[in-house]
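K.L.:
Structure in structure tokens, see below.
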């Protein structure tokens, strides 16, 4: 009994718990009286900076390394007095053959680096004339919404041409357009009936989703868009419900970002809802006004 009492006195059954408080580490940045920045500085990747500034030298380095390796092997064979003919029983010959293989691989790798270069992407000036064709029987509210869509796309994206076709009628053609070969001054008129019967429009109608032609020159469907400038770099085909299409032409290869594509999708849904109400009171002849 006394041992049990002493044990209870010495080792309590409910020892007090310690509370651990986490200390937050804060980084302070301030300006000294002279105006200098005091705080963490971003790390600099010297290798990446040097490669970006000396691209040609970096691509040629494997060739230099391979050439020096070949000369080193030949110099070693000459100094050591070993015959130039490879001998399979000699460890030196096997090592030299391995070194020669690595040197040739470096040289070939350098030649590949020099031959393959990323193509520079830049915005081009559209080859064509500016046009502004709007269907004459549209209500003012619909015209204002179409112009709002054009200004929104042309201001924040690489869009330089916009064509809206709804119910086989060209509702809007604005921005740059290719020049007609008949007079060389007037922009080419959009043949809405021919466009809606082509495979490009039919494929878009079946998929019911946006189609992004990031590099228009690589797609055979470019021939179905003769009204766009000849040097149009990228095109987005946005369906307007099941009755129309919005064609957005850009001046830069892969110039439309994912945010731009999502924004164009929302604009297409809004235009579809607006044009569905207005197309019922419009004549079926595709007339336009400048």
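The values are calculated or read from the model by the stated rules, or taken from the named source; none is laboratory data. Note that the structure is a prediction, hence the values are computed from the model and not measured. Cβ: placed from backbone, ideal geometry, glycine included. Neighbour counts: every protein chain shown.
K.L.:
All but one of (1) touching a helix residue (DSSP H, G or I) at 6+ places or on another chain (Cβ under 6 Å); (2) closer than 22 Å to residue 194 by Cβ; (3) at pLDDT below 90 hold for residue 278; which doesn't?
P.N.:
If we test residue 278 against (1) touching a helix residue (DSSP H, G or I) at 6+ places or on another chain (Cβ under 6 Å); (2) closer than 22 Å to residue 194 by Cβ; (3) at pLDDT below 90, just (2) comes out false.
K.L.:
Residue under question is residue 124, and the condition is that it be part of a loop (DSSP other than H, G, I, E, B), at pLDDT 90 or above, surrounded by fewer than 21 Cβ atoms within 10 Å (Cβ to Cβ) and not assigned by TED's automatic domain parsing to the domain that holds residue 245; does it hold?
P.N.:
Values: part of a loop (DSSP other than H, G, I, E, B): yes; at pLDDT 90 or above: yes; surrounded by fewer than 21 Cβ atoms within 10 Å (Cβ to Cβ): yes; not assigned by TED's automatic domain parsing to the domain that holds residue 245: yes.
Taking the combined requirement at face value, the residue satisfies it.
K.L.:
In the stretch 195-259, which strands (runs of 3 or more DSSP E) lie fully inside it and hold 1 or more residues that are touching a strand residue (DSSP E or B) at 6+ places or on another chain (Cβ under 9 Å) and under 16 Å from residue 167 (Cα atoms)?
P.N.:
Output list reads 234-240, 244-250.
K.L.:
Looking at 142, 163, which is the one that is surrounded by 15 or more Cβ atoms within 10 Å (Cβ to Cβ) and part of a helix (DSSP H, G or I)?
P.N.:
Working: 163 fails: part of a helix (DSSP H, G or I).
The unique qualifying residue is 142.
K.L.:
Then there's this: Pull up the stretch 127-139, narrow it to residues that are more than 12 Å from residue 274 (Cα to Cα) and in contact with a helix residue (DSSP H, G or I) (Cβ under 8 Å, 6 or more places away or on another chain), then point me to the one that is surrounded by the fewest Cβ atoms within 10 Å (Cβ to Cβ).
P.N.:
So the residue we want is 137.
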